[in-house]
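Comments concern the structure below.
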Amino acid sequence: MTLPPGKIPVDLLKEVIFKNLGVKRDEVAVGPAAGVDGAVVNVGGKSLIICMDPITGALERIGWLAVNINANDVSTFGVEPAFFLSCILLAEKADRRTVEIISSQMNKAAQGLGMAIVGGHCESTPGLVNSMVAGCAMGVAENGNYVTAAGAKAGDKIIITKTAGIEGTAILASDREEKLGKTVGASTLKNAREFFSMISVVKEASIAFKTGGVHAMHDPTEGGIAGGIHEVADASNLGFKILEERIPVAKETLEICAAFEIDPLCLIASGSMLIAARKDIAYDIKKNLNKSGITASVVGEFLASPEDRIVKRKNGAETELPRPTSDHLWVALAKQ
């Protein structure tokens with residue numbers, strides 16, 4: 001059976017990928033696991049956080065996104081990103097200008113985050129239609145001073161920063177501007193393109209972690225807010241109950257999703273952070289984020305039973321939250 005676009009199904013991840021991991025080494029403190037954003041390797045009394053993600057669904061800003069998306073993954077551990085490597089696969093018809101654009105984008109993003117670009121690879125790839133960038137970011141923590149997406153606990157409150165579908169909204173407004181221009185206003189599209197400026201979650205991750213009481217963090221990329229909550233629940237072996245009315249969705253996202261008939265909660269959501277925190281600390285985290293100009297909403301809580309994956313809809317009905325089989329960005333991009 002042909003796989004859907006984007007991340008492979010979690011069952012395939014467990015049944016195939018996780019059974020082919022080479023040898024076991026004592027230095028590996030956190031290895032591959034569903035829902036966990038990266039690995040932790042202990043070296044010389046320090047914990048090295050290592051994360052990797054590709055940029056495949058965006059035609060613009062791929063270099064800038066590659067740095068920021070991978071830096072976000074490191075920050076979900078409560079650690080500042082420090083180093084970046086890239087594998088740039090250039091489209092068959094790419095030229096020198098393409099290399100210059102991607103490289104300058106990566107440089108600008110890395111400078112803004114205080115990161116060093118320490119290596120990588122770049123090639124022109126026969127048969128490739130659109131250029132791609134796979135990135136790897138790293139950060140250094142004192143031994144054991146980090147959290148993972150597998151650390152959420154029953155009773156933890158679920159906090160979401162900013163709004164749903166940030167990255168997907170910006171990508172669609174940029175790469176499908178002509179199509180959207182027929183149904184969505186010019187000012188809405190202009191505002192939506194500026195959502196790229198909200199992609200980084202490094203600041204909010206640092207504020208939340210330093211406030212205390214954080215058990216897990218995760219940036220909801222492919223699969224959006226819905227997929228991200230499922231991933232934390234998977235990693236932590238928990239269930240959850242969320243309130244749909246509390247999940248903030250920008251009007252630009254609502255209009256663009258309506259135009260493509262897609263669900264904002266299933267749209268790639270880099271720029272938002274999911275935080276699992278002690279219920280007695282959650283509102284302190286929200287307050288500190290708000291003081292720094294970052295909106296945050298407490299949208300539900302994690303439950304002890306992994307079978308309970310509940311969303312209370314705006315009409316009061318309680319149903320199971322569907323797990324996206326594919327990010328709705330791919331659904332939208334497939335519509336001509």
- Item | Evaluation of residue 178 against (1) modelled with pLDDT under 95; (2) surrounded by fewer than 16 Cβ atoms within 10 Å (Cβ to Cβ); (3) within 30 Å of residue 303 (Cβ to Cβ) (one fails), failing number | (3)
- Item | Criterion: aliphatic (A, V, I, L, M), within 24 Å of residue 308 (Cα to Cα) and more than 14 Å from the chain's Cα centre (by Cα) - qualifying residue of 229, 207, 158 | 158
- Message: Given the criteria in the same structural domain as residue 179 (by TED's automatic domain parsing), in contact with a helix residue (DSSP H, G or I) (Cβ under 6 Å, 6 or more places away or on another chain) and at negative phi, does residue 270 qualify?
- Response: yes
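Condition check ((1) touching a Ser or Thr at 6+ places or on another chain (Cβ under 6 Å); (2) outside any helix (DSSP H, G or I); (3) not assigned by TED's automatic domain parsing to the domain that holds residue 238) across all residues:
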residue	(1), (2), (3)
123	no, yes, yes
136	no, yes, yes
167	yes, no, no
174	no, no, no
- Note on the structure: From the option list 209, 195, single residue qualifying as assigned to a helix (DSSP H, G or I) and out of contact with any Asp or Glu (no Cβ under 8 Å at 6 or more places or on another chain) is 209
- Message: Report every pair of residues separated by at least 6 positions or lying on different chains whose Cβ atoms are under 8 Å apart, first residue within region 85-108 and of a type in the set (Lys, Arg), second assigned to a helix (DSSP H, G or I) and buried (at least 16 other Cβ atoms within 10 Å of the Cβ).
- Response: 108/64
- Hits in region 203-213 - residues which are surrounded by fewer than 24 Cβ atoms within 10 Å (Cβ to Cβ) and not polar (S, T, N, Q): 203, 207, 209, 210, 212, 213
- Output for region 46-62, where each listed residue is modelled with pLDDT of 95 or more and touching a helix residue (DSSP H, G or I) at 6+ places or on another chain (Cβ under 6 Å): 49, 51
- Task: Using the structure shown, decide if residue 192 is in contact (Cβ under 8 Å) with a residue 12 or more places away in the chain, more than 13 Å from the chain's Cα centre (by Cα) and within 23 Å of residue 109 (Cβ to Cβ).
- Result: yes
- Note on region 232-256: residues under 23 Å from residue 307 (Cα atoms), aliphatic (A, V, I, L, M) and not in a helix (DSSP H, G or I) are 238, 242, 243, 247
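The values are calculated or read from the model by the stated rules, or taken from the named source; none is laboratory data. These numbers were taken from a predicted model, which means no experiment stands behind them. Cβ atoms come from the backbone with ideal geometry, glycine included; neighbour counts cover every protein chain shown.
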